[in-house]
Amino acid sequence: FKRLKSKCQRFPSHVGRAQRPKRGTSSFALTSAEDWGNLPHHVVLQIFQHLSLVDRARASSMCRCWNGVFHSPDLWRRFEFELNRSATSYLRSTHPDLIQQIIKRHAQHLQYVSLKVDSCTESAEAACDILSQLVNCTIKTLGLISTARPSFMDMSQAHFVSALTVVFVNSKSLSSIKIDDTPVDDPSLQVLVANNSNTLKFLKMSSCPHVSPAGILFVADQCHGLRELALNYHLLSDELLLALSSEKHVHLDHLRIDVVSENPGQTHFHTIKRSSWEALVQHSAKVNIVMYFFLYEEEFEPFFHEETPVTHLYFGRAASKEMLGRIGLNCPRLVELVVCANSLEPLDEELILIAERCKSLTAIGLGECEVTCSGFVEFVKMCGGRLTQLSIMEEVLIPDSSYNMEQIHSEVSKHLGRKWSPDMMPTW
């Protein structure tokens, strides 16, 4: 309650006899402690919007008026349910009584909903129990978030799909959905499209093994307003890119692709035709194509042998010299490159090729790699001031006959046009 009063200092109270307002002054000056309960509804509502849920609940117990404001629809448009087991998580969990109160009194007001679960299957099941009760809702954004191991994958698929389709059927106005690491399947996507095809703009569904390329293609074919799409590489196809490039479809803003291998040598990665990529870029000239690679070196063979319009590349595992060389040759739209590790062979030639061919490059990060100081200076010299982010671990740089570690600081700073020094820890 102290926090509440501190936010209301513009409305001072005066203990004692009320004084008549002077002519020309506001008639809204508070005259006694009791006047706090007579604040206009819109004023209390604005104050409550700046309070945490706990503080809001405490303040609502002060009087009937404030309790009424506490239940105003405007305060329940957005809510994050946190479902954790105290024995396995340090995160606070939304109290079951509050959950039931929200479902009973405010389900129809919810518009922006997220459900955050820990690694326990029971938490995921509790989240689905909430979804299954949102039958009178107008949800616009829905996010299912796993804070640790993806517990939605451990629960019954039938239970998950049944709960999710309740929201898909009843909302009718979903614009953004984040359902990574869940057992969503093709039939449930068909339900989504049947009820929300005119409003869906953002779909993020990486690591959903029960969805097929045909399932995601159906979404792209029907949801012509889709502007952002995030998925695993195994769902990417030439047909999907062509569907996103049709005249009926709006311009795509972001396409995020996760390229992941859990079993070295056992995952087959197909190749996307250059013509399919070109069709997408011709239709959506400003699209950001982001690819996250978590592969082993021997698995990179299918990628970047032809021109690929990727804009952002992140390598979570080692990327070979050959792979980086192909990027320099065939990724002219590249804006950002992050390499967490390399096989510890100097990357001078590859970086210089990237600087020469990737004219839009503005950000680069290198982790466990090796670059000679001379090669690095040449790379920065070629890129110049367009490098807005240059995150290089200090151990990446190898002193040579031209530059030592002290000299490279000033030399790189000169070409960047600002003070620069290597990072002690990764910043990406």
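The values are calculated or read from the model by the stated rules, or taken from the named source; none is laboratory data. This structure is a prediction, so every number in the text was calculated from the model and none was measured. Glycine gets a Cβ as well: all are built from the backbone with ideal geometry, and neighbour counts include every protein chain shown. Accessible surface is based on the protein model in full, side chains and every heavy atom, while ligands, DNA and RNA are left aside. Shrake-Rupley method; radii C 1.70, N 1.55, O 1.52, S 1.80 Å.
Points to keep in mind about this one:
- Stretchable slack from M382 to C63, in nm (0.36 nm times residue separation minus alpha-carbon distance): 108.1 nm
- Computed over the chain, the Cα gyration tensor eigenvalues convert (square root of 5λ each) into semi-axes of 48, 32, 21 Å, ordered from largest to smallest.
- A Förster radius of 56 Å combined with the Cβ-Cβ distance from S360 to S162 puts the calculated FRET efficiency at roughly 0.75.
- Charge sum, other residues only, whose C-beta stays under 14 Å from W277's C-beta, Lys/Arg counted +1 and Asp/Glu -1: -2
- Dipole of the chain, positive end: most advanced residue of L164, I392, L53 [Cβ charges, Cα centre]: L53
- For the pair H95 and S343 in one chain, pulling the backbone fully straight at 0.36 nm per residue adds 84.3 nm over the alpha carbon distance.
- Tensor-based shape of the range 278-428 (alpha-carbon gyration tensor, a/c under 1.5 rounded, otherwise prolate or oblate): prolate
- Here the Karplus relation 6.51 cos²θ - 1.76 cosθ + 1.60, evaluated at θ = phi - 60°, turns the backbone of the range 52-58 into coupling constants of 5, 4, 4, 5, 5, 5, 5 Hz, with x for every Gly and Pro.
- With 20 Å as the limit, the listed pairs K286/K321; K116/K172; K116/K204; K201/K248 have K286/K321; K116/K172 beyond it between alpha carbons.
- Cut-off 15 Å between beta-carbons: net charge of the residues surrounding T199, Lys and Arg +1, Asp and Glu -1: +3
- Computed E for N38/H71 - FRET, C-beta separation, R0 22 angstrom, nearest 0.05: 0.75
- Net length gained if the chain between E80 and H268 were fully extended (0.36 nm per residue, minus Cα distance): 63.9 nm
- FRET efficiency for A148 and Y112, using Cβ-Cβ distance with R0 set to 22 Å, rounded to 0.05: 0.40
- Rounded accessible area of R58 (nearest 10 Å², 1.4 Å probe): 150 Å²
- Oblate is the label for the range 161-291, because a/c, from the alpha-carbon gyration tensor with a ≥ b ≥ c as root eigenvalues, is 1.5 or above and a/b does not exceed b/c.
- Rolling a 1.4 Å probe across all protein chains gives I47 an accessible area of roughly 20 Å².
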